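Take a look at the structure below.
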Amino acid sequence: MNDPALRAVHLTKRYGRVTALDDLSLDVPAGEVFGFLGPNGAGKSTTIRMLLGLARPTSGRAWIFGTDATDVARAHRLLAYVPADVALWPHLTGAEILHLQASTGPGTDLAYRDELVERFALDTAKPARTYSTGNRQKVALVAAFATRAPLLVLDEPTSGLDPLMEREFRTAVRQARDRGQTVFLSSHQLDEVEAVCDRVAILRAGQLVEIASMEQLRGLRRAEVTVSYTGAPPPGLGEVPGVESVEQVGEGRLRFSLVGAPAPALRALAAADVRALAIREPSLEEIFLDYYGTAAGR
Amino acid sequence: MTTARGLSVPAAPGRAITGLALRQLRRTGLIVLGLTAAMPALVATTYDSVMADPAAADGIARLAGNPAIRTLFGEPVALDRAGGFTVWRVGTFVAVLLAAWAILATTRITRGEEDAGRWDVLLASRVPLPEVAARHLAAVMIVPVAAGGAVAAVLLLAGTEPAGAVVHGAGIGLLGLFFVAVAGLAAQVFPVRASATGAAVAVLGGGLLARMIGDGLTELGWLRWLSPFGLLALTEPYARNDVLPLLVLLAVAVVLGGAAIVAAGHRDVRGGLVAAAAGRRSRLVLLGSVEAFAVRRVLRPLTGWALGVGAYYLLIGFTTLSVTDFLTDNPAFAAEAARAGFTALGAVEGFTATLFALLALPVGGFTAVRMSAFVAAETGRQLTLSAAQPVSRFRLLAAEVAAATGGAVVLVTVAGLAVWAGIAATGGGLTLLAALAGAWNTLPIVLLSLGAATCATGWTPRAAGVAGSMPATGGFLLLVIADSVGAPAWVRELSPFAHLAPVPLAGVDWSVALAMTGLAVALATAGVAGYRRRDLHG
């Protein structure tokens, strides 16, 4: 299949006068683990509901492997979905729900499903009404990961999971990628996105503000450089392009932030007797806060 | 001592809880209040025109001697007065309506809200569980109290005797309070809303049955003391105006309500006095497709409905011969029954045809409830996982409509079989085919209900239940009201019941049946079209 796993073109959703999603266009190539970030209310779930045909776009279109997303009977043969807030039929047991999902789904690897039930330590004999948030999420995750659907759409799938289960989740995502499945992961867990995603889109107030690979994101953003030196400080560092907020953090120690290619800064540093040099790349959290810091009102 | 600026510490957090409960009740509460006041008002004010002939009043009063009439319509008391006639004609109906609302509303806003997890936040406040439960029960109780007051008021305004009006109004109100208390206690005992509602509805059905048997068989008349409906009948408004049964009803309601609040203090939040099963063996039958799963979800409620409908129509079957023999022997009474709205009751076929027509009410209600449950699963997001499967919207909705249709066919068939079995057991001669034809004859109205509910599911999902109740319950009420006030013919003919042939007395009117079915299909098709286009909620 040469079609992208997921394509949205000018996708827009308005609820009355409120624009929940404004002109979103993106492609997710097959085989990629794609992170979808944004604060609460940015339009992430609205986007996913339109990609799944649960909500109709006000304008624009979406395709799943070239199939119109509104043709759910065909498009959903190619995907599995974990909703943000999993609600299950309260009177069915976990095993019954997994059976229902497998019987009506796009094809399920039953042996792998049993393995996932073990790994996620899910007690499938209990009726769903007795499940905690995390256990409900596990049922949906097991059902989705056990499918051989080429696209997995996961909407904040780990918000209720404990750290052990979070680790199992990351393993399952990697195994899915190794099998060639595409993963579309909407999440608030930035370390999780950083750990598993190849590319990230950042949404704010219904608009796409960034879409880039993790490396590009880091390159676009400032790195923090700490230099230890003997004798005189490196001269003229403040004028070097890309270098900002140079500060003396101790005797013989400087810290500055660096945006873009490091070569000019390194040439400037060569003039001093540098003993140690540490470059810390920004975490996704810092990048994220850079985008939203002012909007969040901190 | 420092005071934080802007820190809001409400003096009475409990009042906010009462406010919350009232918000959840006001819509349906006002509808029920309106109906309980309007129906006695209509009958009482039109009494004079119906009973203008003095022989008529005398004739109907003598119907009291027949056990079957007493069983089915309640013991007729003081039919020679507008108040007594009103109590006989609509008293039981109003009582059942109010009781059913009280049960559904109570379990919905208590156990239902708790089940959905919405009480977790509420109970993290300063208000303890027994107080939350008590405030919710008190909020529901406002409606029966108001309804009782309204019934008394309209009967007084219609010029009936004050004592009878007050006794009947108090009885209706107390009966409502009793069922709020029963449902409130059931909501503390059972950890699941459906079980709590089921237990309380069983008390309602059992109470109604005990009253019917107690009314019908003089030697078992004491059974009425065990039934809230029986106690209501024992007050004999406009005749003896006995207050003792009301005091018994009040005492029982107070004890049950108190028990509910005590029970609330002895259980876990989201738990009941009866523990929910922690685990069970999985049953994978009927989980293979969305269609099979729709059937699976309908089976358990269908069993409950079938038991209720079956029991009622079996009782009708048992009493049919007794009623028709009595009416055949007393043609004057048959004429009176016809004046009261029951035609051709003298023949088995005529009597059963009249009662089969009523079948459209519960079965139409069943289809409306099924579609409401489907909408509730959508807004409750249980449907989301199914909607994300490779299943078209058409299949999702069609599976539900098909399961509801199948359930409706089962229910009417059960009713037909029950009537046939009851008549056969008492030595009557209605053929099985005639009984089934009479029952199946109501299916077009049932399908209209389902069609209207499906149409609403597609376009205005919140209204699915109300829309589904329109053709059957709404149509029946329209006919009764139109007949009572002498409305123009075209108003009467808006009701599907005005067009229903009296099967098995007459043959099926196929043109009417096909027209109604066609309209039902058109409504359902419109619903599917809307459902395919709209956003799913939740």
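Listing for the model above:
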| read-out | value |
| --- | --- |
| The protein assembly as shown, accessible area per residue, ligands and nucleic acids excluded (1.4 Å, Å²) | 42 |
| Chain A, helix-only ellipticity at 222 nm - DSSP H runs n ≥ 4, -39,500 (n - 2.57), divided by all residues, nearest 500 | -9500 deg cm²/dmol |
| Normalised contact order of the range A:42-136, rounded percent, pairs of Cα under 8 Å and 6 or more residues apart | 24 |
| Square roots of five times the Cα gyration tensor eigenvalues for the range B:381-538, Å | 33, 21, 13 |
| Distance between modelled label sites at A:Val18 and B:Ala515, nm, 7 Å Cα→Cβ extension | 4.7 |
| Anisotropy class of chain B from Cα gyration tensor, a/c 1.5 cut | oblate |
| Ranking by accessible area, most exposed first, for A:Glu251, B:Glu400, A:Glu168, A:Glu285 with a 1.4 Å probe | A:Glu251, A:Glu285, A:Glu168, B:Glu400 |
| For B:Phe394, solvent-accessible area (1.4 Å; no DNA, RNA or ligand), Å² | 100 |
| 10 Å-binned pair-distance histogram of the protein assembly as shown (Cα, whole percent) | 2, 11, 17, 20, 17, 12, 9, 5, 3, 2, 1, 0, 0 |
| B:Glu219/B:Asp535 FRET efficiency (R0 56 Å; Cβ-Cβ; nearest 0.05) | 0.35 |
| Carbon/sulfur fraction of accessible area - the range B:286-538, other protein chains in place, 1.4 Å, % | 71 |
| Beta bridges per DSSP with both ends in the protein assembly as shown, % antiparallel, nearest 5 | 70 |
| Global geometry of chain A, whether rounded, prolate or oblate, following the gyration tensor of its Cα atoms and the 1.5 cut on a/c | prolate |
| Cross-link partners of A:Lys13 among lysines (Cα-Cα below 18 Å; sequence separation of 8 or more within a chain) | A:Lys44 |
| Helix-only [θ]222 nm of chain B, DSSP H runs n ≥ 4, -39500 (n - 2.57) each, per residue, nearest 500 | -23500 deg cm²/dmol |
| Charge dipole of the range B:286-538 about the Cα centre (unit charges at C-beta), most positive-ward option of B:Leu447, B:Leu314, B:Gln389 | B:Gln389 |
| For residues of A:50-62, the mean tally of beta carbons on other chains within 10 Å | 2 |
| Listed peptides B:520-527, B:215-222 by packing density, highest first (mean Cβ within 10 Å) | B:520-527, B:215-222 |
| Normalised contact order of the range B:204-300, rounded percent, pairs of Cα under 8 Å and 6 or more residues apart | 13 |
| Rounded to 10°, Cα long-axis angle of helix A:94-104 versus longest principal axis of chain A | 80 |
| Lys/Arg +1, Asp/Glu -1 at C-beta; the protein assembly as shown dipole; positive extreme among B:Gly216, A:Val86, A:Met165 | A:Met165 |
| Rounded to the nearest 20 debye, dipole of the range A:6-217 from Cβ charges on Lys, Arg, Asp, Glu | 680 |
| A:Arg49 accessible area, 1.4 Å probe, all protein chains in place, Å² to nearest 10 | 40 |
| Chains B and A, summed buried accessible surface - 1.4 Å probe, Å², nearest 100 | 3200 |
| Sorted peptide list for A:21-27, B:96-102, criterion being average Cβ within 10 angstrom, highest first | B:96-102, A:21-27 |
| Heavy atoms of B:Leu79 accessible to a 1.4 Å probe, total area in Å² rounded to 10 | 10 |
| Sequence of A:Tyr291, B:Tyr312, B:Tyr531 when ordered by accessible area, the most exposed leading, probe 1.4 angstrom | B:Tyr312, A:Tyr291, B:Tyr531 |
| Chain-alone versus full-assembly comparison, the range B:367-409, residues with accessible loss of at least 40 Å² (1.4 Å probe) | B:Arg381, B:Gln382, B:Thr384, B:Leu385, B:Ala388, B:Gln389, B:Pro390, B:Arg393 |
| Per-residue average of Cβ from other chains inside 10 Å of A:77-84 | 3 |
| Test item: Cα-centred dipole of the protein assembly as shown, Lys/Arg +1 and Asp/Glu -1 on Cβ, debye | 680 |
| Ranked by how many other beta carbons lie within 10 Å on average, peptides B:445-452, B:21-28, B:406-413 from highest | B:445-452, B:406-413, B:21-28 |
| DSSP beta bridge pairing in chain A, given as percent antiparallel to the nearest 5 | 70 |
| Chain B - charge dipole about Cα centre, Lys and Arg +1 at Cβ, Asp and Glu -1, debye rounded to 20 | 2520 |
| Amide H contacts of A:Ala80 (H built 1.01 Å from N, under 5 Å, at least 5 apart or other chain) | A:Leu151, A:Leu152, A:Val153 |
| Average beta-carbon neighbours from other chains, 10 Å sphere, peptide A:93-102 | 6 |
| Mean Cα-pair separation over length for chain B, i.e. relative contact order, pairs under 8 Å, 6 or more apart, % | 13 |
| Threshold 30 Å² - residues in the range A:124-148 whose accessible area is reduced by that much or more when the chain is no longer isolated, probe 1.4 Å | A:Ala125, A:Pro127, A:Arg129 |
| Sites A:Ala30 and A:Glu115, calculated FRET efficiency, Cβ-Cβ separation with R0 30 Å, nearest 0.05 | 0.75 |
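The values are calculated or read from the model by the stated rules, or taken from the named source; none is laboratory data. As the structure is a prediction and not an experimental result, all values here were calculated from the model. Cβ atoms come from the backbone with ideal geometry, glycine included; neighbour counts cover every protein chain shown. We work out accessible area using only protein heavy atoms, side chains counted, and drop any ligands, DNA or RNA first. Shrake-Rupley method; radii C 1.70, N 1.55, O 1.52, S 1.80 Å.
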